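Asks: Got a structure for you, written out below as structure tokens; questions coming shortly.
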Amino acid sequence: MYKQRRGEIVSILISARDYQDFIKRSRYISYIAYYDSKQMKMYSEEINDLNIKMKHMEILKNELETNKTNVKGKTEELQTERTKKNELFALVKSKRRSYEKMVGELEESSKNLQDLIKQLEDEKAPLTPAGKGFDVLRGNLPWPVSGKVLAPFGKYNDPKFNITTFRKGIEIGANNGDTVLAVSNGRVVYADWFKGYGLLLIINHGNGYHTLYAHLSEIFNKTGDIINRRQAVGKIGDSGTFNVPSLYFEIRHKGKPVDPVEWLIRKK
């Protein structure tokens, strides 16, 4: 009662009519005190529970703020990544258009080259050793340069741009500056720059056969020069299509391209 500062309770006890009334009032007051104590305990527990929940809410709030910051940072990161991908896509798209344009120009150049070879078919060339024709050399021609075939003869699907073209020759990978060798005896009928092929060397081997060496960085011979088998005729340059040092090599019979791999010595 003292703690509750309820002085009126003392007055209630003192004003009892007799001892029995005093005991009864005292019991009632005890009930009230017990109820008050129970209520205070309940309120205290609720306050403690509320404090715990408030602390938990504060933790959640901090976590939420942290997550919000992380999400914002991630969003900015994804936006940056998306911007980069869009720029890369635009660059690839631009390169694809350039590649398609280059392929179109190469096809046009190939037609012009076809016309040029037809004009050169009448040019005479020395026969191969022992008077044998070029035909007997099928499968026995030396490789013009040592390297891996980057693109085969015939239908070719570019893996980077997914564009299908028909290649009239093969692209042989090599080192920049490697020496290019003639695959057989013949006479140079063209040694100059040609649109789509870069520096181009054409050798007439007789019987309607020509070999073409393109993407050269240097040509050692001039039109009219007699060429011997495995004679150095130029140096490797960069391919406009693959952007790596390589040699573009063709074999044509009466202007029609044939698969060079079937004519070259099979590699082990």
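Asks: Could you please find all residues in segment 247-261 being crowded, with 16+ Cβ neighbours inside 10 Å, out of contact with any helix residue (DSSP H, G or I) (no Cβ under 8 Å at 6 or more places or on another chain) and in a strand (DSSP E or B)?
Replies: 247, 248, 257, 258
Asks: Applying the selection to segment 217-231, what residues are of a type outside the set (Asp, Glu) and in a strand (DSSP E or B)?
Replies: 217, 219, 226, 227
Asks: Being part of a strand (DSSP E or B) and surrounded by fewer than 16 Cβ atoms within 10 Å (Cβ to Cβ), is that true of even one residue in segment 232-246?
Replies: Here is the first cut: in segment 232-246, the residues part of a strand (DSSP E or B) are 232-238, 245-246.
Applying the additional criterion that residues be surrounded by fewer than 16 Cβ atoms within 10 Å (Cβ to Cβ) yields 232, 238.
Yes, segment 232-246 contains at least one residue that is part of a strand (DSSP E or B) and surrounded by fewer than 16 Cβ atoms within 10 Å (Cβ to Cβ).
Asks: Across segment 137-168, what is the total count of residues that are outside any strand (DSSP E or B) and either farther than 25 Å from residue 182 by Cα or modelled with pLDDT under 75 (or both)?
Replies: Residues in segment 137-168 being outside any strand (DSSP E or B) and either farther than 25 Å from residue 182 by Cα or modelled with pLDDT under 75 (or both): 4 in total.
The values are calculated or read from the model by the stated rules, or taken from the named source; none is laboratory data. The structure presented is a predicted model; accordingly, all values stated were derived computationally and were not measured. Ideal geometry is used to build each Cβ from the backbone, glycine not excepted, and the neighbour counts take in all protein chains shown.
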